[in-house]
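Only one structure is covered here, and it is reproduced in the block below.
Here, each number is a calculation from the coordinates, and none is a lab measurement. Note that the coordinates shown come from a computational prediction; the quantities given were computed from them, not determined experimentally. Positions of Cβ are backbone-derived with ideal geometry, glycine not excepted, and every protein chain shown enters the neighbour counts.
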Amino acid sequence: MPDRKDTGSKRLREAAVRADSHPTALRAARWLRSRLPGDDRFGDPLSTAGRAPFEVLGRGASALQPARPSAAHELGLSALQLWQGLSEASGRGRGDEQVALLFTDLVGFSSWALDAGDALAIDLLRAVGEVSEEAVSASDGRIVKRLGDGLMAAFPETPGAVDAALATRLGLEPIEVSGYRPRMRFGVHSGKPRMLGGDFYGVDVNTAARVMAAAGPDQVLVSESACRDLPLERYELSRARRLRAPGAPADVHVVSVGYA
């Protein structure tokens, strides 16, 4: 004869599952998410790829998602979404704030590395990485991601991004590995990119990358719009020229920048 306690517990669980999956409960949970600050689609791999506490918890919550629709799961993500939104509003995330983006790339590295071999290539990247990381940190920036022989970094203001680029260029001068002296190109652009999972996305990111690609060896190229934030008594600016690059807005102009 079945135990009455076990039978009651089973019925309670079944009732809870039915309530959790009820369309009305799901609509209410999703409506709540749409009204909360933060990304109302928080929980997918793109939005939880970073290392912030709410992103780490979001990955865990997504991994535990039941095979059926769940209002409780939506409410759990709602709390993390709210945390994300409040973090951005208090300055721990970027949200809709202006951000200066720096892209870097080593000139001629791939061709050299083919002949030099992996061991020497890694030695060089480590030396370059130490210089660039120190320069970014000293200018109140953070490295968003590494891109093979380059990186993408974000800064609160354009002068920080430019200073990091110029400091990196100076720091690379004494480095030499197996006859190769690293020369780097730099691109800076500012805007309001979308932040998801610790990374940035959008037109401004693509524009910053195109600005970097248009730079020559050792050149710090900055979009003309970002140059408006530079104190002219501190920096020397070249004449602006139009950026002609696939994927970049047609009205972008760029300026070569150095210290005055």
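Observations on the structure shown:
- As a length-normalised measure over Cα pairs under 8 Å and 6 or more apart, the relative contact order of the stretch 99-259 settles at 24 percent.
- Kirkwood Rh in Å, taken over the stretch 190-237 so that all alpha-carbon pairs contribute: 12.2 Å
- From largest to smallest, the equivalent ellipsoid semi-axes obtained for the stretch 99-259 from the alpha-carbon gyration tensor read 25, 17, 16 Å.
- With R₀ set to 25 Å, the beta-carbon distance separating residue 232 from residue 142 gives a calculated FRET efficiency near 0.40.
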